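Report on the structure given below.
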Amino acid sequence: MLKNHLSRCPKLQAQARQSVKDQLASQEKYSTSVMTTEKLTERLLRCAISGNISFKAATNPEIMSLLREAWPNINMPDRRALRKCLMKVATDAEHDLKARLITNESKISLALDCWTSSNNISFMGMCL
């Protein structure tokens, strides 16, 4: 049944008539933006956070060698750079939250969860 459909499918037939050059031209273009150390640090931070892994694990030698092959001219981030980036993102989020709360005219219910990590960094989880 699928074979019959594919033999009569107008979209597939039109694609088969296109040249390889035309097919490649119709695909999405690759990003032309240049990778910087800051962008790479932020991307690696996002990977560490979404994967719930430590910064030391996120910057293990195998991952760093892979990134070094992809971008040989960029300084590779270490766990200290990831921490610095996280602190910057957290500070920006704090300022954004303050600005949003100041402009709010309705009542707000807050739930807070605060703790301190083993290296004495305070964390606060907030749910609005």
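The values are calculated or read from the model by the stated rules, or taken from the named source; none is laboratory data. As the structure is a prediction and not an experimental result, all values here were calculated from the model. Positions of Cβ are generated from backbone atoms using ideal geometry, with glycine treated the same way; all protein chains shown enter the neighbour counts.
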Next on the checklist: Going residue by residue through the range 80-99, is there one that turns out to be among the charged types (D, E, K, R), closer than 29 Å to residue 40 by Cβ, at pLDDT 90 or above and not in a helix (DSSP H, G or I)?
Outcome noted: no
Checklist entry - Considering only residues of the range 56-65 that are surrounded by 14 or more Cβ atoms within 10 Å (Cβ to Cβ) and part of a helix (DSSP H, G or I), which is nearest to the chain's Cα centre (by Cα)? => result 58
Checklist outcome for this item: Counted residues in the range 66-109 being surrounded by 11 or more Cβ atoms within 10 Å (Cβ to Cβ) and hydroxyl-bearing (Ser, Thr, Tyr) come to 0
Checklist entry - Is it true that some residue in the range 78-91 is out of contact with any Cys (no Cβ under 8 Å at 6 or more places or on another chain), of a type outside the set (Val, Ile, Thr) and farther than 21 Å from residue 39 by Cβ? => result no
Item to check | Restricting the range 23-43 to residues that are assigned to a helix (DSSP H, G or I) and among the hydroxyl-bearing types (Ser, Thr, Tyr), the residue that is modelled with the lowest pLDDT | outcome: 26
